[in-house]
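Every read-out reported here was derived from the displayed coordinates using simple, explicitly stated rules and does not represent laboratory data. The structure displayed is predicted, hence computed values, not measured ones. Quick reminder, even Gly has a Cβ in these numbers, built from the backbone with ideal geometry, and neighbours come from all protein chains shown.
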Amino acid sequence: MNTSQPRARWSDKLAQGCRSIRIAFLGLAALGLQYTKTSLLIAIALSFLVSLVADRINPYWLYISYDIAISIIMAVSLNLINGYTGQFSLGHAGFMAVGGYAAAMITNQFGHLNFFAADGIFAVALLAGGLAAAATGLLVGLPTLRLRGDYLAIVTLGFGEIIRVIFQNMNSVGGARGLSVAHGWTNFFWSFGLVAVTVYVVASLVNSTYGCGFIAVHDDEIAAEAMGINTTKYKVTAFVIGAFFAGIAGGLYAHAKQFLTPGGFGFMQSITFVVMVILGGMGNTIGVILAAILLTLLPEGLRYLAGIEHVPGIAQAFPLGWIGDTRMIIYSLLLIVLMLTRPQGLFRLRKRKT
Amino acid sequence: MLQIKNLEVTYGAIGALHGISLSVAAGSIVTLIGSNGAGKTTTLKTISGLLKPKAGAIGYEGKPIAGLPPHEIVKRGLSHVPEGRMIFANLTVRENLEMGAYLLRDQKIVRHELDFVFATFPRLKEREKQIAGTLSGGEQQMLAIGRALMSRPKFLMLDEPSLGLAPLLVKTIFERIVEINRERGLTILLVEQNANRALEISHSGYVLETGKITLHGDSASLRQNPRVQSAYLGG
């Protein structure tokens, strides 16, 4: 009597979870390994269709799916900078903050206007957020990308912190109290449609003849320079495009959480995205997408386990409550184990069209 | 074709080149020999713009090029094969070669150059779609030279093409260098530790010792020079 109730709920939730994951993977499968325009359109259409039946999906899982989409956009765009171009950036959350705050300011100001449909204003706000982040990327990138390796990492880390502190002290966006976002416009269509666009743009960019330059800069900067490749231009380009999509992800984040605090864009956030890129295998888009999904679900999954006091059916002999208390420790340990067993990433090297 | 006057280059406070002067005539092969740390690689890197000189002038076809960024210098027809076969390990052989033609806009010319490189190094044609990092040392060196040829240079700088290669491969590489020089009229500045072979194929040579030119002349007379023989030719 006591155990049958939680058991039903447990299996229910599990089935629901599996369904949502399956939906996410369907979108991925549509993208396939080739990033053609058709698969881009199919993925966008799929995310639109899913958004039509979104009210039937458990809101918790829907919410997690937005988190997954945001993580994928962040990781794939960071992969262009860290993975393909080999520039170690530790400030990606800073660009996300710029995009998030910019988009939120716009929808808070103009969201109530009825000139266009809400989606129109949202699109403009997301784009503006992306552009604001891209402009910041250009501003930061031009002077700093002459640096290499560790030095660049330190400078970008500093930049991320500066952004956070600036928002913390800007009273017009609420400072440390945070900014509430009036409209929760992020939905399945926008989040996964933009995942498709990001993956398509980054993948077709690095697979183009022009895009080989990014990999050339990564492989050997001196040789690339000796070939007449303007390496600074390539690095800045990667930085600006990466920042643009991070800004878009920031906009999605703002309108999913409906609340922004500067603390949400700290150093640890940036590290999480870097871990996704490394775990996915630097310069492997599919790997990075899977790592982003995994690392977003992992803490949620552990949180979920924490809700169970003991294994259903078996009485108090095997208490599981401790999982909740040590959730983040388990998460960190799993990361260490993954890094030890797959230091080259879940997938090795990039998949290349021949 | 290339004149260097009193070139000085420093790494921080440490001087690498203390005012060297040399000239390379159009259509010739000139070799720069010297032991480790003499400044051979520094000289090439400065010519191709990877390093900025502290003082002195570099004239190419009568125009000063010292201090220009590398891509400007490549545009003028100077191409540099860096030491240690710096190929792009994650790109395919073909993509590596295409990167060499990065500054050429005309796809017809790129295709033509590609055919020329494949004709010069048939091995590269066989490996066209292979990821360059999986090539053998000799193949990587061929790729590095082929990549430099893709930019249609008039002046080619080779930094130790024989480094770490099997003797048979060294022979092949040197034969190709002579062939490229003869058939294309390409001027070549060759840096080598393998002084014997380098002096065999070159027209004239310079001996570089701790940042200074200590000897120069035509290759035949350098080979007879007792100082060169004892220091670099193992005689």
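Please sort B:122-133, A:77-88 by packing, taking for each peptide the average over its residues of neighbouring beta carbons within 10 angstrom, highest first.
Per-residue mean Cβ counts within 10 Å order the peptides as A:77-88, B:122-133.
Compute the relative contact order of region A:35-158 as a whole-number percentage, counting only Cα pairs closer than 8 Å that sit 6 or more residues apart in sequence. Write down the numbers at each step before the final one.
Details: 67 pairs, mean separation 33.6, N = 124.
Reported relative contact order: 27 percent.
Over the protein assembly as shown, consider all pairs of different Cα atoms and compute the Kirkwood hydrodynamic radius from their mean reciprocal separation; express it in Å, one decimal. Intermediate values should be presented prior to the final figure.
Working: mean 1/r = 0.0370 Å⁻¹.
Roughly 27.0 Å, rounded to one decimal.
Need one value for B:88-101: mean number of C-beta atoms belonging to other chains within 10 Å of its residues' C-beta atoms.
For peptide B:88-101, the averaged partner shielding equals 5.
What average count of beta carbons from other chains do you get within 10 Å of the Cβ of residues in A:230-238?
1
Averaged across A:208-218, how many Cβ atoms of other chains sit within 10 Å of each residue's Cβ atom?
Per residue, the average neighbour count from other chains is 4.
With a 10 Å Cβ neighbour count serving as the proxy for reagent exposure, in which order, fewest first, do A:His183, B:His112 appear? Could you put the intermediate results ahead of the total?
On the way: A:His183 17, B:His112 13.
With the sparsest Cβ surroundings first, the list reads B:His112, A:His183.
Can you tell me, using C-alpha contacts under 8 Å and at least 6 residues apart, the relative contact order of region A:19-264 as a whole percent?
After rounding, I find 38 percent.
In this model, which of B:Lys5/B:Lys171; B:Lys5/B:Lys75; A:Lys233/B:Lys129; B:Lys5/B:Lys154; A:Lys37/B:Lys75 are farther than 29 Å apart at the alpha-carbon? Each step should come with its number before you reach the end.
Numbers: B:Lys5/B:Lys171 33 Å; B:Lys5/B:Lys75 22 Å; A:Lys233/B:Lys129 27 Å; B:Lys5/B:Lys154 21 Å; A:Lys37/B:Lys75 35 Å.
Result: B:Lys5/B:Lys171; A:Lys37/B:Lys75 exceed 29 Å.
Would you mind ranking B:Ile180, A:Ile72 by Cβ crowding within 10 Å, fewest neighbours first?
In order of increasing Cβ crowding within 10 Å: B:Ile180, A:Ile72.
Normalised by the residues of region A:143-293, what does the relative contact order come to in percent, with Cα pairs under 8 Å and at least six apart?
Values: 111 pairs, mean separation 47.4, N = 151.
Over region A:143-293, the number comes to 31 percent.
Take A:Val236, A:Val337, B:Val24, A:Val195 and order them by how many other Cβ atoms sit within 10 Å, fewest up front.
So the ranking, lowest neighbour count to highest, is A:Val337, A:Val236, B:Val24, A:Val195.
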